Amino acid sequence: MTSWLHKCGYPTLHCVLFCVVLAANIIGGSSDSGESVCWSPPVSSCSECLRRGPQCAWCFEAGFLDGAEVGERCDLVGNLARRGCGLEFIEHPQVMVEVNATTSNTQVSPGEITLNLRPGAEASVIVAVQQLERYPVDLYYLVDVSASMQENLDQLKTVGVALSHRMREHSSDLRLGFGSFVDKPVSPYINVHPSKLNNPCSDYEVKCRPAHGFHHVLSMTANMSEFTRIIKRQRISGNMDTPEGGLDAMLQATVCQGEVGWRGEAKRLLLLMTDQPSHLALDSRLAGIVTPHDGFCHLENNVYMESSTMDHPSLGLLAEKLLENHIYSLFAVEQLQYQWYEELVRLLPGSNLLFQAPKLIDVVVDAYKRLLSVVQVSVSVEDRAFSRFLVSVSPLCPEGSVSHDNRSCSNVQPNQTVYFNITIGLHSCPDDEDDEDDVVQVFVRPVGYNESSIIKVHSRCRCHCGPDWHCHDDTTHQSTCGEVTPDTDRNNQHLNNRDMHTHTPDLDPEHTPTRPHTHGPEWSRQCRAEGSGVDCNARGVCVCGRCVCERNSLGTVYGQYCQMDDYSCPYQHGLLCGGRGMCVSGDCVCEEGWTGESCRCPVSTATCLSDNGLLCSGRGRCVCGRCVCDNHQYSGAFCERCPTCHSSCQSHWRCIDCHLSHGLSQRETGECNHTCIPLVGYVNDVTVLLGQVWRQCVYKKDNCYYRFHTALVSGNTLLHFNTQPECVSSRRYVGTFLSVCVLTFLPGLVMLAVLVLVLHRRSLPQGGATDQQYNPTGKDLSHVPKTNEKTVSYRRDRPPGPDRPMEMHITVPKMPLGEPWQ
């Protein structure tokens, strides 16, 4: 959408109207959810049907689905039409958009839009906001005059003239105003001792003014000398607690338009200067003040008179009043309180936070330029209907600017236009269903602008059902024949009123009831089809001579004698009518593009087109999306195959041999006509002929392979012969064998030789010395003795002689290291 917005340029009225209508039609008609939501669970009235969703419609035709339940009249528009309901009898309200072209704004357009919405529907409109180059400016100083603000008051005495000169670069007309505040003049916020009421600074021998909630001192003026004179006359005051009543004073300075002198065409800036945090709503309970603020102006003689009787305003109320009166709020605070006010300004649209710097003029000018570069809108709905609407905003920022939080655009330059796409959805209807003229206003307010756009939303929650408003639903009811009660179908009223005077001749007049019964022989005959002995085909009950058909889990039974239903149709893949149609009177009514008994056949023949663009390759018919070949010899998805149509490869070998014997010469092709078909061609590469039509064959002669292809085209056999044979000689086999042997064994021999060489080198002594002795332990051999003797003694248990046992000594010498074994 951004591309054509650039083409439109700056917002002309025609361009904006086009934006509004286009966006509303697209969004409003795009709802698409499951069709079962319309009839499950069953509905009993047209109004209830409309509330099911924007896709649901109601058929108010008198004879529609005669005998079926009332809820069957609620369905999708397409389904109702396929089931026999005329389009002129379908109640399906559409989203309507109307732009009031008579309201003209300079900065915000369009000024007024009217929407007609039904439950579940939504529409989107475009509101354009243009930034002008220079604005008149109203700047109101709201100053905390507690004792700690003495230095700030002294600084203000030189601001007026200097600020006027600086703002000439950015504004065509600057006006200044002034007001002061301290806190609520009640305990415990101030000292209520009589000596402290008139002079809170008496302990310091300083003359102070009494504490006050808000005092409007100077209305908007272009006389900078007057502003300076008023500032010089101001005196400080005092209070007991740390927080001040800044928000209380801000609300009065905002809503007291006439007293302050706010101009309608000017950019309005409210500058709050303080060095302490502010009281919030409910803080006044410490002083016994429980009355909420009403949001109105209460100035008398420029003094806020309800300061001691009304609570501090809530942030929501203050934000609402700032928006209504198109006021930017600036907070100039000390560094110690910066974090507290940083959280506060996030809740107040169009607010900015500043440091109290020595160069206050530079701070104010920079803040003004920053505020003008940000374009933000606030969308609000009337409180009584807030819960029934869904609203979303999306900005379309101009080139060079940046979107923030989907609500604003920053870095907007003068004469640039910002577009806001505002989507409004109706979630539910009002509780009072008889309130047909319910109109809810949605306010689109660009922050800080003195213009706004109003969107009036009409809720379409009731049905009209043609000129006579007869919807044939359950808004009235007949409990017995001829007795009308509020819960019966109005569609039966005329018929039953006509039949209530019918008397049964077989009955005794003395026993004739004063009011006809709903059952009896006469009524029973009216509920039976010709030749049938069962009421309503055993699929309903007879009430006052009319069949009320049953409803089961399979679907709906309807008809004068309950002889029709919407489920006795062919199934495919477990779905009624293949999921592509509706069952009407036992027959499938298919959706567009489908046909067949079960709606399984596509109407289009695109699935039967072969690669050559012919329908079934010119050999068949397209039946239900598939090719049916005229000749049973052909097969395949497109009748492209014919295995028996082609001659075998062997049948062409004589022809190939004939051509080879004549040297494959084009001049001598006629010599082979007695053995060949006349249509023979020579090609250099038969791979270009690969496909479903051609059949590949091979002919071998003299160790050469000749490839050729055959095909049957239009009843004639074609033969394409490859002139490049693939020949293989015996020498080639021997060379291949030798190459494989060499490449296999030679690398193995090389690897084996390398392995033996490595092992041999590792077995040699280190350093190449052949006489060096091997020392596996790594010990110093000089300490190892060359020889060693060990004696082992053995004693026999039975001595050989009577004197002493026999002893045997064995000496085992230790072999010198390096001596060979003997």
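Details
- With respect to (1) in contact (Cβ under 8 Å) with a residue 60 or more places away in the chain; (2) under 17 Å from ASN152 (Cβ atoms), the lone exception for ARG233 is condition (1).
- Qualifying residue in the range 240-251 (condition: surrounded by fewer than 22 Cβ atoms within 10 Å (Cβ to Cβ) and at positive phi): no
- Residue check for TYR682: in a strand (DSSP E or B), among the hydroxyl-bearing types (Ser, Thr, Tyr), outside the structural domain of SER617 (by the TED database) and modelled with pLDDT under 80: yes
- Residue among LEU344, LEU299 that is under 34 Å from the mean Cα position of the chain (by Cα) and modelled with pLDDT of 90 or more: LEU344
- Applying a threshold of 8 Å to beta carbon distances and a minimum spacing of six or more residues, or different chains, the list of pairs starting in the range 717-738 at a residue that is assigned by the TED database to the domain that holds CYS704 and ending at one that is of a type in the set (Gly, Ala, Ser) and modelled with pLDDT under 70 reads THR717/SER647; LEU718/GLY681; LEU719/GLY681; HIS720/GLY681; PHE721/GLY681.
- On the stretch given as the range 547-564, residues that are closer than 18 Å to SER36 by Cβ and part of a strand (DSSP E or B) total 2.
- Out of GLN130, GLN150, one residue alone is under 30 Å from TYR304 (Cα atoms) and either in the same structural domain as ALA211 (by the TED database) or surrounded by 16 or more Cβ atoms within 10 Å (Cβ to Cβ) (or both). It is GLN150.
- Where strands (runs of 3 or more DSSP E) fall entirely within the range 40-126, those with at least 1 residues that are in contact with a strand residue (DSSP E or B) (Cβ under 6 Å, 6 or more places away or on another chain) and open to solvent by 30 Å² or more (accessible area, probe 1.4 Å) are at 96-99, 112-117.
- Whichever residue in the range 561-581 is open to solvent by 30 Å² or more (accessible area, probe 1.4 Å) and in contact with a helix residue (DSSP H, G or I) (Cβ under 9 Å, 6 or more places away or on another chain) and, among such residues, is nearest to VAL628 (Cα to Cα): GLN572
- Scan of the range 425-466 for residues that are open to solvent by less than 10 Å² (accessible area, probe 1.4 Å), under 16 Å from PRO110 (Cα atoms) and either in contact with a Ser or Thr (Cβ under 6 Å, 6 or more places away or on another chain) or not hydroxyl-bearing (Ser, Thr, Tyr) (or both), ordered by number: VAL442, VAL444, PRO446, ILE455, VAL457
- Candidate set: the range 288-305, residues that are surrounded by 15 or more Cβ atoms within 10 Å (Cβ to Cβ) and in contact (Cβ under 8 Å) with a residue 60 or more places away in the chain; chosen: the one farthest from HIS170 (Cα to Cα): ILE289
- Filter result for VAL365 (outside the structural domain of VAL447 (by the TED database) and at pLDDT 85 or above): yes
- Hits in the range 547-560 - residues which are out of contact with any Phe, Trp or Tyr (no Cβ under 8 Å at 6 or more places or on another chain) and open to solvent by 30 Å² or more (accessible area, probe 1.4 Å): VAL548, GLU550, ARG551, ASN552, SER553, GLN560
- The set of residues in the range 236-272 that are in contact with a Lys or Arg (Cβ under 8 Å, 6 or more places away or on another chain) and not in a strand (DSSP E or B) comprises ILE236, GLY245, ASP248, LEU251, THR254, VAL255, GLY261, TRP262, ARG263, ALA266.
- Count of the range 123-176 residues, restricted to those that are closer than 30 Å to VAL391 by Cα and at pLDDT 90 or above, is 7.
- Any pair with Cβ under 8 angstrom, 6 or more apart, that starts in the range 263-285 at a residue that is more than 13 Å from ASP144 (Cα to Cα) and open to solvent by 40 Å² or more (accessible area, probe 1.4 Å) and ends at one that is modelled with pLDDT of 90 or more and of a type in the set (A, V, I, L, M): LEU280/LEU247; LEU280/LEU315
- Checking each residue in the range 62-84 for being aliphatic (A, V, I, L, M), touching a residue at least 60 places away in the same chain (Cβ under 8 Å) and farther than 15 Å from GLY555 by Cα picks out only ALA62.
- Flag for VAL418 being at pLDDT 85 or above, of a type in the set (A, V, I, L, M, F, W, C) and either part of a loop (DSSP other than H, G, I, E, B) or within 22 Å of VAL439 (Cβ to Cβ) (or both): no
- Residues that are touching a His at 6+ places or on another chain (Cβ under 7 Å) and either farther than 28 Å from GLU133 by Cα or open to solvent by less than 30 Å² (accessible area, probe 1.4 Å) (or both) are absent from the range 337-355 altogether.
- Residue in the range 159-169 that is assigned to a loop (DSSP other than H, G, I, E, B), free of Cβ contacts under 8 Å to residues at least 24 places away in the same chain, open to solvent by 10 Å² or more (accessible area, probe 1.4 Å) and at positive phi present: no
- Residues (crowded, with 16+ Cβ neighbours inside 10 Å and of a type in the set (D, E, K, R)) located in the range 383-398: ARG388
The values are calculated or read from the model by the stated rules, or taken from the named source; none is laboratory data. On a predicted model such as this, the values are computed, not experimentally measured, just so you know. Ideal geometry is used to build each Cβ from the backbone, glycine not excepted, and the neighbour counts take in all protein chains shown. Heads up: the accessible areas ignore ligands, DNA and RNA and are worked out on the full protein's heavy atoms, side chains in. Shrake-Rupley method; radii C 1.70, N 1.55, O 1.52, S 1.80 Å.
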